[in-house]
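Undergrad: Mind having a look at this structure? Questions to follow.
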Amino acid sequence: SISIVSDDVLDLKNVSITSCDKKDESWLLKSSSLHLDFAANKGVARHARVEFMQVPFLYFPYMSLPIKGRKTGFLAPNFGNSNTSGTEISLPYYINLAPNRDATITPRYLSKRGVQLSGEFRYLDKKYEGILDAEYLSNDKAFGDQDRSYVEYLHSGNPSRGWRTQIQYRYVSDENYFNDFWNTLSASSLTFLERHLNVEYQSKDWRAQGKIQTFQNLDDTIAATEQPYERLPQLQLVTNPFFLNYGLETSATTELVYFFRNEGVTGARFDLTPEIAWPYRAPAGFIDPTVKLRYTHYKLGSNSPIYPDSINRSIAQSSLDSGLFFEREIESDHGQLVQTLEPRLYYLYVPYQDQDDIPIFDTTQPLFSFSELFRDNRFSGLDRIGDANQLSFSLTTRVFNDSGNELLVATLGQIYYFEDREVVLPGEDPDTRSQSDITGMLSSQWNRKVRT
């Protein structure tokens with residue numbers, strides 16, 4: 001029932017609200033009474049409860065809420081218990097500072113540790129947005145009465161056309177902080193906290209990026225010579241394909257980065273990789289021959305007795321990528337469908353060059369996956385350019401409906417090696433296998449609610 005008290009005030013009795021479909025009202029928010037004051041932008045619900053499948057599981061004797069936008073006030077409290085912290089009770093308080101700024105202050109009582117205070121400040125503008133999170137616990141009783149804290153700041157912006165900025169800063173007082181307070185596997189397994197500043201400019205013909213990256217070490221057992229290198233700074237320039245006569249395309253990638261670490265070899269690396277391609281693309285298939293020249297120069301610090309002060313490396317490589325597209329129409333319960341069959345061949349040749357005199361700054365060998373079939377370097381990073389004489393093959397099928405939505409994708413692939421891979425990371429042996437593992441992917445989305 002609805003009572004019209006005035007032009008701005010309504011009183012409702014036995015209210016039921018849901019966003020579910022009419023035939024499937026699984027979730028319901030019910031209230032014995034609801035008072036709405038539109039002039040004050042305030043609603044008050046009494047005896048509110050949340051029901052799932054007609055079973056109430058959450059009850060609020062009193063609830064205050066804004067009719068439009070947001071309002072300052074307390075949010076729902078949180079309760080819990082853990083072996084390390086004991087009984088936990090937190091009561092968030094939300095502050096609506098402005099239409100594009102807000103904050104949340106949360107006192108959190110931990111019976112075995114003390115009182116922790118956390119805060120979150122958010123801001124949003126047409127050209128930038130960011131979040132500042134902070135947590136502080138004074139005299140942690142379960143951690144030797146030490147003060148413990150955490151700070152995270154994230155910012156991204158588009159100050160003007162073509163420009164993008166990004167800042168990430170994270171600090172934690174000790175290596176056990178995430179294990180004690182966050183209770184998530186991803187956080188507890190962290191060994192380093194990344195901090196970086198990125199500035200990027202994108203134009204019609206090229207893209208430039210500058211980056212400063214540092215880390216906070218959370219594991220004292222990791223030797224100083226095994227910790228990641230800081231980039232102070234990293235500068236990159238990538239050109240978009242430039243079209244020449246007769247269908248030729250040329251582009252280039254260049255990078256200058258200085259790697260720093262308290263112990264071990266440090267130095268600067270300059271890399272320039274021009275390439276030229278002669279692609280042919282048609283609805284029935286494509287063929288893309290490409291030639292690259294990788295030139296890399298290292299200027300190392302004088303604190304290393306193993307590596308020379310200056311290193312130059314030049315490697316030319318070539319590849320030939322090709323594929324075909326076949327399709328047919330099929331009838332099904334989902335209507336008229338189109339199925340494709342897409343074979344793809346990728347040949348890569350990179351001559352062997354001894355690179356043992358080059359230190360490892362940022363290079364690893366990733367786990368083998370489908371994306372590795374068509375990469376021109378099996379290492380992630382420029383400190384090693386893998387030698388290759390290999391042929392990759394994949395077979396992909398896709399199913400589309402009459403609206404063009406992709407319902408199913410299935411693909412398998414493998415690499416066939418014609419020569420051993422001699423270029424390896426320090427401490428590893430050459431790879432003598434004649435073929436790689438078989439890798440594949442499978443995904444489907446037959447309706448908008450279910451995706452695998």
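Undergrad: Give the distance, in whole Å, between the Cα centre of segment 408-428 and the Cα centre of segment 435-452.
TA: 21
Undergrad: Rounded to the nearest 500 deg cm²/dmol, what is the calculated helix-only ellipticity per residue at 222 nm for the chain, with -39500 (n - 2.57) per DSSP H run of length n ≥ 4? Mind dumping the intermediate values first?
TA: Numbers: 2 runs with 9 residues, N = 452.
Computed mean residue ellipticity for the chain: -500 deg cm²/dmol.
Undergrad: Can you give me the % of accessible surface on the chain that is carbon or sulfur? Probe 1.4 Å, all protein chains present, nothing else counted.
TA: 56
Undergrad: Let me ask you something else. How far apart, in nanometres, would the label points at residue 402 and residue 435 be if each is projected 7 angstrom from Cα along the Cα-to-Cβ direction?
TA: 4.2
Undergrad: Within segment 325-360, what residues put their amide N at less than 14 Å from the label point 7 Å along the Cα-to-Cβ vector of residue 389?
TA: Residues 348-353 fall inside that zone.
Undergrad: Hey, another quick one. For residue 341 and residue 129, what is the calculated FRET efficiency with R₀ set at 60 Å and r taken between the beta-carbons, to the nearest 0.05?
TA: Values: r = 44 Å, r/R0 = 0.74.
After rounding to 0.05, the efficiency reads 0.85.
Undergrad: From the backbone phi of segment 28-45, what are the Karplus-calculated ³J(HN,Hα) couplings (6.51 cos²θ - 1.76 cosθ + 1.60, θ = phi - 60°) in whole Hz, Gly and Pro given as x?
TA: Per-residue couplings from phi come out as 9, 10, 10, 8, 5, 8, 9, 9, 10, 10, 5, 5, 8, 6, 9, x, 10, 10 Hz.
Undergrad: Averaged per residue, what accessible area in Å² does segment 390-452 show with a 1.4 Å probe, protein chains only?
TA: With all protein chains present, segment 390-452 gives 65 Å² per residue.
Undergrad: Residue by residue through segment 7-14, which ³J(HN,Hα) values in whole Hz follow from phi under the Karplus form 6.51 cos²θ - 1.76 cosθ + 1.60 (θ = phi - 60°), with glycine and proline marked x?
TA: With coefficients 6.51, -1.76 and 1.60, one gets 5, 10, 10, 10, 10, 10, 10, 6 Hz.
Undergrad: Under the 0.36 nm per residue contour assumption, what length would be gained going from the current alpha-carbon distance of residue 409 and residue 115 to full extension? List each step's numbers first, then the result.
TA: Details: separation 294, 0.36 × 294 = 105.84 nm, distance 5.16 nm.
Taking residue 409 through residue 115 to full extension adds about 100.7 nm, to one decimal.
Undergrad: Quote to one decimal, in nm, the extra length available between residue 299 and residue 322 on full extension: 0.36 nm per residue of separation minus the C-alpha distance between them.
TA: Between residue 299 and residue 322, full extension yields an extra 4.4 nm.
Undergrad: Give me the distance in nm between label points sitting 7 Å out from Cα along the Cα-to-Cβ direction at residue 26 and residue 100, one decimal.
TA: 3.8
Undergrad: For segment 329-369 and segment 87-145, what is the centre-to-centre distance using only Cα atoms, to the nearest Å?
TA: 44
Undergrad: In nm, give the distance between the simple-model label positions of residue 161 and residue 63, each being 7 Å from the Cα along the Cα-to-Cβ direction.
TA: Modelled inter-label distance: 4.8 nm.
Undergrad: Kindly identify segment 33-108 as rounded, prolate or oblate by the Cα gyration tensor criterion: order the square roots of the eigenvalues as a ≥ b ≥ c, call it rounded if a/c is under 1.5, otherwise compare a/b with b/c, prolate if a/b is larger, else oblate. Mind dumping the intermediate values first?
TA: Working: a/c = 2.86, a/b = 1.23, b/c = 2.33.
Oblate.
Undergrad: Assuming 0.36 nm per residue, please report the length gained on full extension of the stretch residue 452 to residue 261 beyond their Cα-Cα distance.
TA: Working it through step by step, the gained length comes to 64.5 nm.
Undergrad: What does the charge add up to near residue 386, with Lys and Arg as +1, Asp and Glu as -1, over the other residues with Cβ less than 10 Å from its Cβ? Mind dumping the intermediate values first?
TA: On the way: positive: 375, 378, 384, 421; negative: 376, 387, 422, 431.
My count for the surroundings of residue 386 gives 0.
The values are calculated or read from the model by the stated rules, or taken from the named source; none is laboratory data. The structure displayed is predicted, hence computed values, not measured ones. Cβ coordinates were reconstructed from backbone atoms using ideal geometry, including for glycine residues, and neighbour counts include every protein chain displayed. These area figures cover heavy atoms from the full protein model, side chains too; ligands, DNA and RNA do not enter into them. Shrake-Rupley method; radii C 1.70, N 1.55, O 1.52, S 1.80 Å.
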